[in-house]
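The values are calculated or read from the model by the stated rules, or taken from the named source; none is laboratory data. All values derive from a computational prediction rather than experimental measurement. With ideal geometry, Cβ positions are generated from the backbone for all residues, glycine too; neighbour counts draw on all protein chains shown.
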C-alpha cells in the first residue's frame, strides 16, 4: 500500500525535501544491517534534532505508519530492519559531540557520534570512554545505547549501561522526555534511563545522550597464554580472579578459531599443535599496579598449566598479540561467508560446560563452530558456520542453535550478552524468560507505545 | 474500616498465626521509618519466601488492601510508611545470605540481609561489596535496592545499581518474575532489573537479589585537608580529578558542621578558626598505586590552597580522620532534634554555587543549615535545622526547602541523589521532571500495578 501523499508532504515539510528518500537505492541500503536479512522500508527520513523527530513520530502515529530508528546499522540481530516496512528514521545527521566537560567527567552527544570518534576525542585530554564493541569504528553511541553494547573491556569497566547518565528521547506519541541528568547519583522517580538502554529502539527514539567518563589508564600490559584444553584456560581465568585481579581484557580463543586465523594470516605458529585455547589478558592502570597485576596473571596462567606464556615488551608486540583477536571475524569468513554469530553468556565458572556443549553440537550435527569471546564475563561468541546453498547444513545449524540456547539457559546463562534479540532471536525469548516476565515486558512496551508502531516485530515472539 | 475476617484468616493461613500482627505495638512500630512522620498500618505480615509473598499480594488484590513492603525501616523519605493504612509486608524473616560464589564474583541474598553483614562476609574472603550507605549496620540490601542507596564510595565504585545483576520479585497480581541473572552481560528483553532498582517499592516486592562483587582493595590511604573557603575545597576536588585520580571517598564537610562536631566531641581543634571546609579523601587499591594517588591528592589540595594537610600513618589515625564524618549525624542533634535532611546533587563543578545558595537561604530565612556530603558525586546533604515547637521557623524552613530544590534544578542537579522521593518529597517532583516524563512514569507504574495498591501515595504528587 503506497504511503499517503499527505503523509509524505508532512515529512518533507518537517525535515526538508533532501532528507526524505523513497528511491530504490535508499530503500535497499536502509533495509538491512549486519544480520544480512533485510526488508525494505517505504520511506527513509533523516531528521536533525528532537523537534523534527517528534514531528515525524506524530505523523507516523496519525497515519499509523511503523517507525524504525536506525543508527550505524551494525547490529547482528536485525534491530534496525523494518520488518513490516514503514519509515526508517536514520539519525545520521545527528552526529555531533556537543560537550566534553572535563571537571564533571561528562560527555553530551547526539546519537550518531561514532563510538571510536568519541573515544579518540576524550582520550586526547586524558579521559576514557571504555565500552568497546568490535564495530567501534562504525557503530554509533545511540545504537550502542539501544543495544547496550559490550566489548572486551566490559569485565573491568562494565557495558554501555554503566556509562549512560541521562537521555533525551522521543516517545511514539511525539512527547520529548528527559531522563536522568548530569549527575551520577539520581533517584528522582523511576530509572527510565536504564530501561531505555538495551530496549532496542522499541520504546523511544534516543536523541541525546549524557555519558559518564573516567580517567584514562596511563599504562597497559598485555599477555598471551596458550593451553592444552579449554578447561585449563578457564581454570586460569578463575585463578586470575582468585588472585584478585580484574583485567581490562580477558579474551578466550578456541583452537578452531586459532586455526582459522593461522590459515588466514598464513602464520602457522599462531596455532601450534596441541593448543586448544589461547587467553589474551590485558591489565591497565598506574605503572606499578600494572606491574604487580601482570605478574599475578602470569603466575595464575602458569598454575593452570599454560603451555606457553608471552608478555608484550612494547606497543608493537602488544599490537601483534591483539592482531589475532582483531582478525578473527575476517578469518572466519575464509571458512564460510555465513555464520550464526551468537553471543551467549554463562557464569564464567561454567565456560568449560559451555564448550563441552559446543563440542557435542559439532559432533551431533556435523558442524564447524569456532568460538571465542570475553571469558571474564562468560560471554562467548559461538559461530555456527553454514555453507551457502547447503540446505541440510542450514537445517542442522538451526537445530544446533536451539540446543545451544537451551543449554545456555540450563547453565544459568543468557542467550544474548551483547547483540540483543532483534527479530533474529525473538522466537527464542521464551526459552529464557517465563510467561509472567514476558507479559510484564509487553505491558511496559504498551506504556511507551500503546499502538505498537515503534520498531514492531522485535524482541517478542510473533 | 476494619479488615474483613476472611482476609485476615487468609493471611494467617498463608504465613502462620505468629507472623500476622494487629497489636498496637506492631502497628506503631511498623508505621514509621527514619523520616519520623508515620501512619499506622492495619496489619503487619512477615512472610518467609516468594510464594508466601505472592499469596499475600493476591489476597490484597482480591480485598483491595494497600500493601507496603518494608526492609530495615531506615529510609529518610517515608518510603516504607503506609500512608493510606493497609498491610505492611515486613521482609524481616527473609534475611539469609544464600550463596557467595567466589569464582563468579556473585552473591545471592534474600532482601533483609543487613548490608554491613554482607560486607563483612565477603570481605572475609577478600571480596568487596562497595555500596556503603551511612545506615549500613541497620539498613538491608532489599531496601538499598529499592532506594538505590549510595554512600561515600559511590564516586569510585558507583551506587547499589551498579551491583545488582538480577532480581526475583513479586508483582501486585501475585506473579513471581525473575529479571536479569547470574551474568554481568545480559540484553535479553527489557532491563526490568534496573527499573526496579530505585523504584521505592512501588512496582514489585523484591524477594531475592543477585549481586556482583569485586576484589577487595588491599590498601587504603586516608587524607584530611582544610580550606578557608568552600570554593577552595571544590577547586581541590576538581584538581584531584584533573590529576586523574578517582578517590574511593571524597567527602566535604562545611564549617557549621565541623563546629557542631567540635562542640559535640568537645575537641576544639576539629574546627580551627578560619576553616570553612574540610575534605576527607581516601584512595584504595594496590600499595604502589595508592602511594602514587595519595601523593597526587596531596599536591592537588596544596595547589588549591589547603590551610592544613594530614595523611593517616596508621589505622588509628585513619579512624580518627573518619570519626569526624561518622559523628556528624549525632553532632547535628545537639543543634536540634529536627532536621530536614536533604540529599541534593549537582554536577560537582557547581558545588560552590550550591553552597552560595545555602548561604543565601541561611541569611534570607534566618536558619541554621549545616551541610556536608559526597563531593566527588556533587551529592551534598543539606540539613535544615528546626527547633521543635517553633512554628515560624518551621514555615521558613519549608520555604527554604522549596528554594533549595528550585536552585538545584537550575544548576542541572537532582533533588535526591540517595534518599528517594517517598511521600516527603512527592510534591516537589514536578520541579525536576516535566509533565510528559511524569505521565510516562505513571504509565510504567500502571503496567506493574494497574490497581495502584502497591505502596500508594509515594513518588507522585497526590
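Just one of the numbered conditions (1) within 11 Å of chain A (Cβ to nearest Cβ); (2) modelled with pLDDT under 95; (3) surrounded by fewer than 24 Cβ atoms within 10 Å (Cβ to Cβ) is not true of residue B:134: (1). Against the numbered list (1) out of contact with any strand residue (DSSP E or B) (no Cβ under 7 Å at 6 or more places or on another chain); (2) at pLDDT below 95, residue A:396 comes up short only at (2). Of the residues making up region A:81-102, one or more are within 30 Å of residue A:245 (Cα to Cα) and modelled with pLDDT under 95. When residues in region A:195-216 are screened for being crowded, with 24+ Cβ neighbours inside 10 Å and under 16 Å from residue B:417 (Cβ atoms), 1 of them pass. Within region B:92-103, identify whether any single residue is without any contact (Cβ under 8 Å) to a residue 24 or more places away in the chain, in a loop (DSSP other than H, G, I, E, B) and within 12 Å of another protein chain (Cβ to nearest Cβ), and answer yes or no. Yes, some residue in region B:92-103 is without any contact (Cβ under 8 Å) to a residue 24 or more places away in the chain, in a loop (DSSP other than H, G, I, E, B) and within 12 Å of another protein chain (Cβ to nearest Cβ).
Reported count of residues in region A:13-46, each being closer than 21 Å to residue A:95 by Cα, out of contact with any helix residue (DSSP H, G or I) (no Cβ under 7 Å at 6 or more places or on another chain), part of a helix (DSSP H, G or I) and without any contact (Cβ under 8 Å) to a residue 60 or more places away in the chain, is 4. Within region A:446-456, if we keep just the residues that are touching a residue at least 12 places away in the same chain (Cβ under 8 Å) and closer than 10 Å to residue A:66 by Cα, the residue that is farthest from the chain's Cα centre (by Cα) turns out to be A:451. Taken over region B:47-72, residues that are in a loop (DSSP other than H, G, I, E, B) and buried (at least 24 other Cβ atoms within 10 Å of the Cβ) amount to 3.
So that you can scan it fast, the table gives a plain yes or no per residue for (1) at pLDDT 95 or above; (2) in a helix (DSSP H, G or I):
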| position | (1), (2) |
| --- | --- |
| B:269 | no, yes |
| B:274 | no, no |
| B:278 | yes, no |
| B:282 | yes, no |
| B:294 | yes, yes |
| B:301 | yes, yes |
| B:324 | no, yes |
| B:329 | no, yes |
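Run residue B:229 past the list (1) surrounded by 23 or more Cβ atoms within 10 Å (Cβ to Cβ); (2) more than 30 Å from residue A:244 (Cβ to Cβ) and report the number of the one that doesn't hold. With (1) surrounded by 23 or more Cβ atoms within 10 Å (Cβ to Cβ); (2) more than 30 Å from residue A:244 (Cβ to Cβ) applied to residue B:229, the lone miss is (1). If the condition is being in contact with a strand residue (DSSP E or B) (Cβ under 8 Å, 6 or more places away or on another chain), part of a loop (DSSP other than H, G, I, E, B) and over 21 Å from residue A:331 (Cβ atoms), then region A:359-393 contributes only A:378. Out of A:142, A:198, A:174, A:166, one residue alone is at pLDDT 95 or above, more than 11 Å from every other protein chain (Cβ to nearest Cβ) and either closer than 26 Å to residue A:377 by Cα or assigned to a loop (DSSP other than H, G, I, E, B) (or both). It is A:142. Looking only at region A:395-407, decide whether some residue is part of a helix (DSSP H, G or I), more than 25 Å from residue A:33 (Cα to Cα), in contact (Cβ under 8 Å) with a residue 12 or more places away in the chain and facing chain B (nearest Cβ under 10 Å). No, region A:395-407 has no match at all. Considering only region B:158-173, I want to know if a residue exists there that is farther than 30 Å from residue B:288 by Cα, more than 24 Å from the chain's Cα centre (by Cα) and surrounded by fewer than 23 Cβ atoms within 10 Å (Cβ to Cβ). Yes, region B:158-173 contains a residue that is farther than 30 Å from residue B:288 by Cα, more than 24 Å from the chain's Cα centre (by Cα) and surrounded by fewer than 23 Cβ atoms within 10 Å (Cβ to Cβ). Within region A:216-245, if we keep just the residues that are touching a helix residue (DSSP H, G or I) at 6+ places or on another chain (Cβ under 8 Å) and in a strand (DSSP E or B), the residue that is nearest to the other protein chains (Cβ to nearest Cβ) turns out to be A:219. For residue B:150, the conditions (1) at positive phi; (2) within 14 Å of chain A (Cβ to nearest Cβ); (3) touching a strand residue (DSSP E or B) at 6+ places or on another chain (Cβ under 8 Å) are fulfilled apart from (1).
Within region B:316-345, the only residue that satisfies the criterion of being farther than 20 Å from residue B:134 by Cβ and in contact (Cβ under 8 Å) with a residue 60 or more places away in the chain is B:317.
The criterion of being touching a residue at least 12 places away in the same chain (Cβ under 8 Å), closer than 26 Å to residue B:286 by Cα and in contact with a strand residue (DSSP E or B) (Cβ under 6 Å, 6 or more places away or on another chain) holds for residue A:283.
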